[in-house]
Amino acid sequence: MAGVLFVNPRSGSDEPTPAQLEAAARARGLDVHVLRPDDDLVELARSADAEALGMAGGDGSLGAVAAVAIERDLPFVVVPYGTRNHFARDLGLDRDDPIAALDGFTGRERRVDVGRADDRLFLNNVSLGLYARLVHRRERHRRRREALARLRAFGILLRHPRALRASVDGEPIGARILLVANNAYTLRLLELGEREQLDGGQLHLYASSGPFRGGGWEEHCAERFTVDVDRHRLRAAVDGEPALLETPTEFRIEPLALRVLVPAEAEA
């Protein structure tokens, strides 16, 4: 299958190097485009002459190319090359072996759900409240050491424990963390766990008073949610990337919308 692989060299992975990953992809007969700072990834994916689109990057980069793959009805190949790689993990890929993930171009196809926040696609989740504030602050401190920026952000959030005042489908809700997820997560104290399936056809909305308050998670599931706040824009983290959403925001699931190619040996 004629495939194109886009590589984000700034996604956060150090090994293999972008040059090593590019060489391995070209050895498999793939066209490779290593992104430059001024490249428009979406337009490159839309214009690519390919039977399959692949992305080597973090979850944010993956979502951009996945959206184009749906537009063009092309299969999509995930190459984990970011910091956390949650989507790759839940597909059953080895997050520590991006070169092995290149075998997806000759692998088997499966269909998975995607979520939408209005028109914006998300593969994993959209966070509102405390975590979204943390992500936006991290973005402002990107040029500093990331660990220091994270510690500073946590300190500020702990000193200002404001809840997000919102409504979900017209019902008021107050939570430090509000999370809308593409299928169900196992939720842990300080992090998200795995998803057992990516084709359940349901959004899961989680609300919590926050991990630092000892509160539990309140969970709802549906095919759609409408979230509103008392301002026109809402800070959010879409697949871990900072975003501003217009309010009210409609979240919806698109069942089996994305064709994904995975290596034959990937876990089901």
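Does the stretch 205-212 include one or more residues that are closer than 23 Å to ALA257 by Cβ, modelled with pLDDT of 90 or more and of a type in the set (A, V, I, L, M, F, W, C)? Full working, then the answer.
To start, the set of residues in the stretch 205-212 that are closer than 23 Å to ALA257 by Cβ comprises 205-206.
Checking the rest, the ones that are also modelled with pLDDT of 90 or more come to 205-206.
So of that shortlist, the ones also of a type in the set (A, V, I, L, M, F, W, C) come out as 205.
Yes, the conditions are met somewhere in the stretch 205-212.
Rundown of residues vs (1) basic (Lys, Arg); (2) modelled with pLDDT of 95 or more, yes/no style:
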{"position": "VAL79", "(1), (2)": "no, yes"}
{"position": "ILE99", "(1), (2)": "no, yes"}
{"position": "GLY107", "(1), (2)": "no, yes"}
{"position": "ASP113", "(1), (2)": "no, yes"}
{"position": "VAL135", "(1), (2)": "no, no"}
{"position": "ARG138", "(1), (2)": "yes, no"}
When (1) touching a strand residue (DSSP E or B) at 6+ places or on another chain (Cβ under 6 Å); (2) modelled with pLDDT under 95; (3) over 22 Å from LEU258 (Cα atoms) are applied to ALA25, the one that fails is (2)
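Select from the stretch 87-124 the residues that are among the small types (Gly, Ala, Ser) and part of a strand (DSSP E or B) and write down the one among them that is surrounded by the fewest Cβ atoms within 10 Å (Cβ to Cβ).
First pass over the stretch 87-124, keeping only residues among the small types (Gly, Ala, Ser): 88, 92, 100-101, 104, 107, 115, 117.
If we keep only those that are part of a strand (DSSP E or B) too, we end up with 115, 117.
Numbers: GLY115: 25, ALA117: 22.
Across the stretch 87-124, the extreme among qualifying residues is ALA117.
Out of the residues in the stretch 1-42 that are in a helix (DSSP H, G or I) and touching a helix residue (DSSP H, G or I) at 6+ places or on another chain (Cβ under 7 Å), state the one that is surrounded by the fewest Cβ atoms within 10 Å (Cβ to Cβ).
Within the stretch 1-42, the subset in a helix (DSSP H, G or I) is 18-27, 41-42.
Now restrict to residues that are touching a helix residue (DSSP H, G or I) at 6+ places or on another chain (Cβ under 7 Å): 21, 24-25, 41-42.
Values: LEU21: 24, ALA24: 17, ALA25: 23, LEU41: 17, VAL42: 13.
Only one residue tops the list, namely VAL42.
The values are calculated or read from the model by the stated rules, or taken from the named source; none is laboratory data. What you see is a predicted model, and the numbers here were worked out from it, not measured in a lab. Counting neighbours? That spans all protein chains shown, and the Cβs are built from the backbone with ideal geometry, glycine included.
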